[in-house]
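**Student:** Got a structure here, written out as structure tokens. Questions coming.
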Amino acid sequence: MVELRHQGKRIELPPAGARLGRAPECLVRSDSATVSDVHAEIYREGGRLQVRDAGSLNGTFVNGKRIMGPQPLHHGDVVRCGPLAVLEVEVLAEGEELTAARDAALAEAAELRAALAAAEGRGAALAAALAAAEAERAELGPALAAALAQAERLRQVADECALRRRELEVRNAALEAAHEAGLLAVADARQDAEREAAKVARVEALVTQYRTESAERGERVAEVEAMATARQHELEENAKVIHGLREGVTQRDRQIVELETTILHLRSGAR
């Protein structure tokens, strides 16, 4: 049971709660102008006693501190409506809090007993598992030693692999440097090849030009040779004509000489 003490009087709090203010329906009333019609409400929620301001002008206070929302109430708390002590009630809920505390303690004890039983069950299971583990450990002792030895060998292999990995990283770095140098060399060689290709193209162009000129000159030489051949034929014909003319002249010279000889003979006979 919860009671509200106001001006020395005890007022039992209904199950639905109570309102504080100036309105006639309020359980605890005051005619002060500092108190609103419905100033505050005291109610139960979830088995707990609470108070909230009902939108009053001057606010609601619990133990001298203004509340800004729902506020839990305990035995001995003082609720005041407004800044003045014209409407002030004391909460008397010792019996209800003791009952709630007892119920909570009983529930906690039940939970603890259940947890203890579960823990005992887990303890027995753990004891059995421990015994089985000890037996398995005794059986697995040689296997464990072999496994430890194998683990040591694996660790050594891992160390060796790590060493080889570092060596490979160094080699890879050297290969990458060589690769970059090779790329630079290839680029230089490509540039050189392009320059040489340009030179070869220029030389081929010159060769083509020279071949064209040689072909033209060959044609000219053929023409000159043909002309020379024709002139040669003409010279040969002329030489034959000249030879015939020379033979005719020689024959005429003989005839002249014969005529001169005859004339001399004639002149000699005339004397």
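**Student:** Could you sort 55-61, 34-40 so that the peptide with the highest average Cβ count within 10 Å comes first and the rest follow in order?
**Tutor:** Packing proxy ranking, top to bottom: 34-40, 55-61.
**Student:** Rounded to the nearest whole Å², what accessible area per residue is found for the chain with the 1.4 Å probe?
**Tutor:** Value for the chain: 76 Å² per residue.
**Student:** Sum -39500 (n - 2.57) across every DSSP H segment of at least 4 residues in the chain, then divide by the residue count to get the 222 nm mean residue ellipticity, nearest 500.
**Tutor:** Values: 2 runs with 176 residues, N = 271.
Helices in the chain give a 222 nm mean residue ellipticity of -25000 deg cm²/dmol.
**Student:** In the chain, if the dipole is taken from +1 on Lys/Arg beta carbons and -1 on Asp/Glu beta carbons about the Cα centre, which of Leu154, Ala173, Gly123 is farthest to the positive end?
**Tutor:** Final value for the positive-end residue is Ala173.
**Student:** To continue, here is another question. How big is the charge dipole of the chain about its Cα centre, in debye rounded to the nearest 20, if each Lys and Arg gets +1 on its Cβ and each Asp and Glu gets -1 on its Cβ?
**Tutor:** 640 debye
**Student:** May I have the convex hull volume per residue, in Å³, for the Cα set of the range 106-239?
**Tutor:** 372 Å³
**Student:** How much length, in nm to one decimal, is gained on full extension between Asp31 and Arg252, taken as 0.36 nm per residue of separation minus their Cα-Cα distance? Before the final figure, lay out the partial values.
**Tutor:** Working: separation 221, 0.36 × 221 = 79.56 nm, distance 18.92 nm.
Stretched out fully, the Asp31 to Arg252 stretch lengthens by 60.6 nm.
**Student:** Place +1 on the Cβ of every Lys and Arg and -1 on the Cβ of every Asp and Glu in the range 193-271, take the dipole about the Cα centre, and give the residue among Thr208, Ala197, Gly248 whose Cα lies farthest towards its positive end.
**Tutor:** Gly248
**Student:** Follow-up. For the range 166-268, give the percent of accessible area contributed by carbon and sulfur heavy atoms, probe 1.4 Å, rounded to a whole number.
**Tutor:** Summing carbon and sulfur atoms, their accessible area is 58 percent of the total for the range 166-268.
**Student:** Can you give me the convex hull volume of the Cα atoms of the range 21-60, divided per residue and expressed in Å³?
**Tutor:** 63 Å³
The values are calculated or read from the model by the stated rules, or taken from the named source; none is laboratory data. In this text, all values refer to a predicted model and were calculated from it rather than measured experimentally. Backbone-built Cβ (ideal geometry, glycine too); neighbour counts: all protein chains shown. The protein model used for the area step is the full one, side chains on, heavy atoms only, and it has no ligands, DNA or RNA in it. Shrake-Rupley method; radii C 1.70, N 1.55, O 1.52, S 1.80 Å.
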